[in-house]
Amino acid sequence: MNLPSSVSIYDTTLRDGEQTPGVALTVDEKIEIARQLDKLGVDIIEAGFPISSKGERSSVKKIARAGLGSTICGLSRVLTPDIDASLDCDVGMVHTFVSTSDIQIAHTIKKSKEEIIELAVDAVSYIKDHGVKCLFSAMDATRTDMDYLLKIFKAVEDAGADIINIPDTVGVVTPPMMRAITEEVYNTVKIPIDVHCHNDFGLAVANSLAAVEAGGREVQCTINGLGERAGNADLESVVMSLEAIYGVKTNITTKYLYETSKMVERFTGIKVPPNFPIVGENAFSHESGIHTHGVLERSDTFEPGIMTPEMVGHRRRIVSGKHAGTHGVEAMLNDVGLAPKKEQVREITERVKDLGDKGKEVTEADLEAIAEAIMGELKREEKIVELNEFTVFTGNKVTPRSTIKLRFKDQVLTGEDTGVGPVDASLNAVRSVIKDIEDIKLTEYNLEAITGGSNALAEVRVKLEDASGHVVSGRAAREDIVMASVEAMISGINRIFLLREKQRKQ
Ligand code: KIV
Ligand code: ZN
């Protein structure tokens, strides 16, 4: 393998990704995604196709002027008006492309192969004359006659292109073919090679990696694999495969992968399937008794190990169902502050399996209800800490401040605190009230919009740790994110106190 020490990541979520049927992003959403991609560390953001509409020009321009660290690129055909539209947006790079396969030449551009080379060379020279970086793509390269492909790549290299791209436009190549094509190109041109693979046969990631094995130095991909038809190679799998399997570095801060995926899911409305690699809800979930037992002993027994949920900003979940085992059920119940005895765990597990056998999904709430029915004495409604009153004050010229009144057993306690935002201020205020009773640390905070819109139902999940190292989770769902956060925190605090009481009684 001709492996490099590092590979550049070229993100085309805002261009090819937006070509996903049914997706249309607003200018503001595009800017927010671009900021997130920059935070993630992508080397190049293909911000759009400026000639295609006024709105597209406006968003590319705003992204190019947002002061991001990533290079901002605009897509253009090999035509002067297209290139001018990109240049007008102040991009740092223009990606110019033309069809090179016989089928596309005959039925779309209808020019001779020599004319196409001339157009490509003129476009590259024009871009370079304007002092910006130039990426040239031979569209449908994987169905292009090899001699012609090498000829056009050589011609654009001579014209000053900085990098060339081998697109598998209709996703028909296989990894050995991609390796062979990339190798031939690598042996012919000196400038770096980029690849752009579509996923029509589910091979986009494998083909991108094959190209890297044969000399490719940049990979084009999209968040959640969005893109035309079956989409493009997904950035999450490309990056984690390169980093964790191949040991090839990228500039991606992988712990932001999950939150980036969630943002793109929310803005595009295209749901990530639960079994999607890296960022799908089930990517680090374990149901079967054999697996959960193993994972609770040592996570790499049934996970790759070279990739953990923490690395990608995700979380591990033990879920219950017909394959559940006692270890997993006990761990899940401990996590919510319940500490059943051994025989109770066995009975709860049997009930969970019965439900699973009847084809029922066993949610965490179902599991808690079963546990409470069997454990009897522990009432989940029992609340040691309850919210009485709460206010939060925020704005663009003030430090967010929150005041809170809680009932703890039969006392009413009040507190207040500030924070970087209303959620932070409110959670700090809760902690300020509780801190004299128990030093509780917030170790994890997750926010997810369950529905769409600015009044979306948001689910907040928190993980809390007490001074003795007990870790519990708290959860709440509300349309008001701040309220959901406070309630999730209070539910976690109750679980810590309930767990303590239970242990004292045992
Ligand atoms: O799939 C493709 O060929 C493209 C080009 C513009 C690179 O998206
Ligand atoms: Zn494409």
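For the stretch 429-436, the Karplus equation 6.51 cos²θ - 1.76 cosθ + 1.60, evaluated at θ = phi - 60°, returns couplings of 5, 4, 4, 5, 6, 7, 4, 6 Hz by residue, with Gly and Pro reported as x.
No solvent, one uniform scatterer per C-alpha: report log10 I(q)/I(0) for the stretch 170-254 via the Debye equation at q = 0.22 1/Å, two decimals. Log10 of I(q)/I(0), two decimals: -1.02.
Reducing the stretch 90-105 and the stretch 191-262 to their Cα centroids gives an inter-centroid distance of 20 Å. In terms of distances greater than 27 angstrom between alpha carbons, the cross-link table entries Lys255/Lys322; Lys322/Lys409; Lys62/Lys262; Lys255/Lys397 yield Lys255/Lys322; Lys322/Lys409; Lys255/Lys397. With a simple spin-label model that places each label point 7 Å from the Cα along the Cα-to-Cβ direction, the separation between Leu387 and Asp84 comes to 5.8 nm. Estimate the FRET efficiency between Glu444 and Lys409 by the formula 1/(1 + (r/R0)^6), using the beta-carbon distance for r and 25 Å for R0, to the nearest 0.05. Efficiency computed from Cβ-Cβ geometry: 0.40.
Accessible surface ranking for Phe302, Phe201, Phe153, 1.4 angstrom probe, highest first: Phe201, Phe302, Phe153.
Arg315 contributes an accessible area of around 30 Å² to the protein surface, as traced by a 1.4 Å probe with all chains present. Applying both filters, DSSP loop and at most 13 other Cβ atoms within 10 Å, to the GluC sites (Glu not before Pro) of the stretch 76-126 eliminates every site. The residues of the chain expose, per residue, 44 Å² of accessible area to a 1.4 Å probe. Hydrodynamic estimate: the Kirkwood radius of the chain over Cα pairs, inserted into Stokes-Einstein at 4 °C and 1.567 mPa s, corresponds to D of 51 µm²/s. The packing ranking of peptides 18-31, 212-225, 469-482, highest mean first, is 212-225, 469-482, 18-31, where packing means the average number of other beta carbon atoms within 10 angstrom of each residue. Given the options Val238, Ala155, Gly202, identify the residue whose Cα lies farthest towards the positive end of the charge dipole of the stretch 130-245 (+1 on Cβ of Lys, Arg; -1 on Cβ of Asp, Glu). With unit charges placed on the Cβ atoms, the residue in question is Ala155. Note on Ser53 and Ser112: with the Förster distance fixed at 35 Å, the Cβ-Cβ geometry gives a FRET efficiency of about 0.65.
Determine the alpha carbon to alpha carbon distance for each of Lys441/Lys463; Lys110/Lys190; Lys341/Lys435 and list only those over 19 Å. Lys110/Lys190; Lys341/Lys435, as the Cα separations exceed 19 Å there.
Between Lys154 and Lys341, the modelled labels are 8.4 nm apart [label points 7 Å from Cα along Cα→Cβ].
Solvent-accessible surface (1.4 Å probe) assigned to Glu32 amounts to roughly 90 Å². Share of carbon and sulfur in the accessible area of the chain stands at 51%, probe radius 1.4 Å. The stretch 467-502 and the stretch 1-66 have Cα centres lying 38 Å from one another.
Computed about the Cα centre, the dipole magnitude for the chain is approximately 1060 debye when only Lys and Arg (+1) and Asp and Glu (-1) carry charge, each at its Cβ.
Counting only alpha carbon atoms, the long axis of helix 326-335 and the longest principal axis of the chain meet at about 80°.
Only one residue of Phe97, Pro81, Ile33 has its Cα farthest out toward the positive end of the dipole of the stretch 19-144, where Lys and Arg carry +1 and Asp and Glu -1 on Cβ, and that residue is Ile33.
Could you tell me the center-to-center distance, by alpha carbons, between the stretch 119-155 and the stretch 347-361 in angstrom? For the stretch 119-155 versus the stretch 347-361, the Cα centre distance is 60 Å.
Taking a 1.4 Å probe, which of Met146, Met240 shows the most accessible area, and what order do the others take after it?
Met146, Met240
Amide H neighbours of Ser285 under 5 Å, at least 5 residues apart or on other chains, H built in the peptide plane: list them. Under 5 Å from the amide H of Ser285 lie the amide H atoms of Arg317, each far enough along the sequence or on another chain.
Farthest toward the positive end of the dipole of the chain, out of Ile370, Thr254, Gly17, is the Cα of Ile370, where the dipole comes from beta carbon charges about the Cα centre. At a Cα cut-off below 19 Å, give the lysines reachable from Lys111, other chains included and same-chain residues fewer than 8 away excluded. In chain and number order, the partners are Lys151.
Evaluated with a Cβ-only charge set (Lys, Arg +1; Asp, Glu -1), the stretch 380-505 carries a dipole of roughly 280 debye about its Cα centre, given to the nearest 20. Quick one: angle between helix 54-64 and the longest Cα principal axis of the chain, in degrees between 0 and 90, rounded to 10, please. Once rounded, one gets 70 degrees.
Bridging of Lys128 to aspartates and glutamates at a Cα separation below 19 Å is possible for Glu46, Asp82, Asp84, Asp88, Asp90, Glu118, Glu157, Asp158, Asp162, Asp194, once same-chain residues fewer than 8 apart are set aside.
Here each label is just a point 7 Å from Cα along the line to Cβ, and for Ser5 and Asp102 those points are 4.5 nm apart.
About the centre of its Cα atoms, the stretch 269-341 shows a dipole size close to 180 debye [charges on the beta carbon of Lys, Arg (+1) and Asp, Glu (-1) only; nearest 20 debye].
The values are calculated or read from the model by the stated rules, or taken from the named source; none is laboratory data. Just so we're clear, the structure is a prediction, and the values are computed from it rather than from any experiment. Note: ideal-geometry Cβ built from the backbone for every residue, glycine included; neighbour counts use all protein chains shown. Accessible surface areas use protein heavy atoms only, side chains included; no ligands, DNA or RNA. Shrake-Rupley method; radii C 1.70, N 1.55, O 1.52, S 1.80 Å.
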